[in-house]
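Here the structure comes first, spelled out in C-alpha cells, and everything after it is commentary.
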Amino acid sequence: MSSISIRLLALWKKELLTLARDRHGLAALFIMPAVFILVMSLALADTLSGQRDAVVSYAVVDLDQSALSKSFDAQLTSVDAIEKQVSLPDLATARHRVEAGELAFVVVIPAGFGQSIGQRQSPGLRFLLDPAVPKVMQSGFRQQIEAVTSRFWLEQALGSLGRRMMARTGSPEITVEAVGHGVEPGAAPPSAVQQNVPAWLIFSMFFVVIPISAVFIGERQHGALQRLRTQQVSFGFVLAGKFLPYVLVNQVQAVVMVGIGRWLVPLCGGEALTLPDGASALAALWLVSLAVSVAAVGWALFIASLARSSEQATILGGVGNILMGAIGGIMVPRFVMPAAMQAWTRISPMNWALEGFHQVMLRQGGVADILPAAAALVCFGFAALGAAAFLDHRARA
C-alpha cells in the first residue's frame with residue numbers, strides 16, 4: 001500500500017473516531033431528524049389545516065372547445081379557492097408538465113363534454129395531479145371541482161328541461177389520475193410520511209456542517225492543520241480525508257431515517273413509508289442520496305473554511321440551512337407557496353434534492369429522471385469544495 005493511501009486511511013479513521021466522540025454532532029445528525037420525521041408525520045397524518053385555505057393553482061386542457069366547455073372553464077375561474085394558471089393545448093403537454101413537477105393539478109375537459117351535458121349524461125370530467133401534492137390539497141381541490149361541476153350540470157339541466165329534472169339529476173363523476181412514471185390512474189395519494197421523510201432527511205444531511213466545522217476549527221485552533229502542512233500534506237488532501245467519512249455518515253443517516261419512516265412511524269399510529277419497487281428505482285434513490293451527501297459535505301467544508309470560530313460556523317451553517325430549507329420547500333411544500341415564491345425554490349439545493357427524491361418515491365422515476373437534480377447537487381458540492389480550497393489558499397497567501 002502506498003504512503004498516500006496509508007495517510008488517507010489514517011485521516012478517515014481520525015474523522016470517524018472524532019465524530020464518534022462528538023455527542024452533540026451525532027444528536028444533530030440523527031436524533032433531531034428522527035424526532036422531526038416522527039412528530040411531523042403523525043401531526044400531518046390527518047390534517048394540514050394551514051393548507052386548507054390556501055389558493056391552489058391549476059391548468060386546463062379543453063379537448064371539446066365547445067360553447068359549454070368554455071362556459072364551464074369560465075365558471076372554474078370564478079372560484080376564489082382555486083386559481084387558473086394556464087390553458088394547455090393537449091393532454092401530452094399536460095402530462096409532461098405534471099411529471100416535471102411544474103403543475104400540481106390539470107383539469108381535463110374531454111371531447112364531447114358539451115354533448116354529454118346536453119344529453120344529461122355524466123361529462124366524464126377528470127383531472128391530473130402530481131402525487132407529490134399533499135393529500136389534503138388533493139381532497140380540497142377535488143371538492144372544489146366537484147362543486148363547480150355539479151352546479152354547472154344542474155344549471156344546464158334546469159335551463160333546458162325545467163326544475164323537474166332536479167330530482168332526477170345525480171352528481172357527475174370525476175376521474176382522478178396521479179401522473180408520474182409508472183403511476184397508475186387512481187393511485188393512492190402520498191401520505192404524510194412520504195412527504196416528511198425525504199424533506200427532513202435532506203435537512204439533516206446538510207446539518208453535517210455542525211460536526212465538520214467543530215472538528216475543522218478545533219484542528220485549526222490547536223495547530224493540527226499547521227502540523228499537517230509541515231509534513232507536506234496539502235489542504236486538498238485534508239479535504240479528501242474529511243470528505244468520504246462524512247459522506248458515509250450521511251448514507252447511514254439515510255438508512256436510519258428511511259427505517260424510522262418504514263417501521264417506527266407505523267408503530268406510533270402513522271402510515272408506513274413505501275419504497276419504490278425494482279433495482280432501477282432503488283439505484284436512483286441511492287444516487288440521489290449520494291448526490292445530496294456530496295452537496296452537504298461540500299457546503300459544510302466551505303462553511304468550516306470560512307468561519308473563524310465554532311460560534312461563527314454554527315450561525316453561518318445553521319442559518320444557511322434554515323434559509324435553504326424554507327426557500328426549498330422543506331418546511332412548507334412548494335405548491336402551497338404563492339406563484340412568485342415558487343420560482344425562488346429553484347435556487348435552493350435542498351429543493352433540487354427534494355425533487356430528486358420525489359421523482360423516485362412518488363412519481364416512480366428511474367435513474368434518467370433524477371440525473372438533472374443529482375448533477376446539480378454534485379456540481380454545487382464540488383463548487384463549495386473549490387471555494388473552500390480558495391479560501392485556504394488566500395489565507396496562507
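Residues in the range 359-367: is at least one in contact (Cβ under 8 Å) with a residue 24 or more places away in the chain, over 30 Å from Gly140 (Cβ atoms) and more than 14 Å from the chain's Cα centre (by Cα)? Full working, then the answer.
So in the range 359-367, the residues in contact (Cβ under 8 Å) with a residue 24 or more places away in the chain come out as 359-367.
Okay, now just the ones that are also over 30 Å from Gly140 (Cβ atoms), so 366-367.
Within this subset, residues satisfying the condition of being more than 14 Å from the chain's Cα centre (by Cα) are 366-367.
Yes, there is a match, as at least one residue in the range 359-367 is in contact (Cβ under 8 Å) with a residue 24 or more places away in the chain, over 30 Å from Gly140 (Cβ atoms) and more than 14 Å from the chain's Cα centre (by Cα).
Consider the range 263-285 and keep the residues that are under 16 Å from the mean Cα position of the chain (by Cα) and over 14 Å from Asp369 (Cβ atoms). The one that is surrounded by the most Cβ atoms within 10 Å (Cβ to Cβ) is Leu273. Count of the range 304-325 residues, restricted to those that are assigned to a helix (DSSP H, G or I), over 27 Å from the mean Cα position of the chain (by Cα) and within 17 Å of His24 (Cα to Cα), is 3. Against the numbered list (1) more than 19 Å from the chain's Cα centre (by Cα); (2) at pLDDT 75 or above; (3) assigned to a helix (DSSP H, G or I), His96 comes up short only at (1). Filter the range 111-125 down to residues that are crowded, with 19+ Cβ neighbours inside 10 Å and under 23 Å from Thr93 (Cβ atoms) and give me whichever is modelled with the lowest pLDDT. Of everything passing the filter in the range 111-125, Pro123 is modelled with the lowest pLDDT.
Only one of the numbered conditions (1) among the hydrophobic types (A, V, I, L, M, F, W, C); (2) closer than 22 Å to Phe390 by Cα; (3) surrounded by 16 or more Cβ atoms within 10 Å (Cβ to Cβ) is violated by Ile315, and that is (3). Can you find a residue in the range 375-382 that is buried (at least 21 other Cβ atoms within 10 Å of the Cβ), within 13 Å of the chain's Cα centre (by Cα) and in the same structural domain as Val294 (by TED's automatic domain parsing)? For the range 375-382, residues buried (at least 21 other Cβ atoms within 10 Å of the Cβ), within 13 Å of the chain's Cα centre (by Cα) and in the same structural domain as Val294 (by TED's automatic domain parsing): absent.
For the range 130-141, indicate whether the set of residues that are more than 19 Å from Gln194 (Cβ to Cβ) and either loosely packed, with under 15 Cβ neighbours inside 10 Å or modelled with pLDDT under 85 (or both) is non-empty. If you could, list the steps in order and put the result at the bottom.
So the first thing to find is which residues in the range 130-141 are more than 19 Å from Gln194 (Cβ to Cβ), and the list is none.
No - not one qualifying residue is present in the range 130-141.
Does the range 237-244 include one or more residues that are of a type in the set (Lys, Arg), within 30 Å of Ala10 (Cα to Cα) and either in a helix (DSSP H, G or I) or not assigned by TED's automatic domain parsing to the domain that holds Val360 (or both)? Yes, the range 237-244 contains at least one residue that is of a type in the set (Lys, Arg), within 30 Å of Ala10 (Cα to Cα) and either in a helix (DSSP H, G or I) or not assigned by TED's automatic domain parsing to the domain that holds Val360 (or both). For Val288, are the conditions met, namely being assigned to a loop (DSSP other than H, G, I, E, B), touching a residue at least 40 places away in the same chain (Cβ under 8 Å), surrounded by 15 or more Cβ atoms within 10 Å (Cβ to Cβ) and among the aliphatic types (A, V, I, L, M)? So Val288 does not fit the description; no.
The lone criterion from (1) outside any strand (DSSP E or B); (2) at pLDDT 70 or above; (3) surrounded by fewer than 19 Cβ atoms within 10 Å (Cβ to Cβ); (4) not hydroxyl-bearing (Ser, Thr, Tyr) left unmet by Leu19 is number (3).
Among residues that are of a type outside the set (S, T, N, Q) and farther than 29 Å from Val193 by Cβ, Ile327 is not included.
Here is the figure for the range 85-99: residues that are farther than 19 Å from Pro131 by Cβ and among the acidic types (Asp, Glu) total 1. Candidates are the residues of the range 70-86 that are at pLDDT 85 or above and among the hydrophobic types (A, V, I, L, M, F, W, C); the one that is farthest from Glu146 (Cα to Cα) is Val86. Val39: under 19 Å from Pro266 (Cα atoms), in the same structural domain as Thr314 (by TED's automatic domain parsing), modelled with pLDDT under 75 and surrounded by fewer than 16 Cβ atoms within 10 Å (Cβ to Cβ), yes or no? Against the criterion (under 19 Å from Pro266 (Cα atoms), in the same structural domain as Thr314 (by TED's automatic domain parsing), modelled with pLDDT under 75 and surrounded by fewer than 16 Cβ atoms within 10 Å (Cβ to Cβ)), Val39 qualifies.
The values are calculated or read from the model by the stated rules, or taken from the named source; none is laboratory data. Owing to the predicted nature of the structure, the values given are computational and were not obtained by experimental measurement. When we count neighbours, we look across all protein chains shown, and the Cβ atoms used for this are built from the backbone with ideal geometry, even at glycine.
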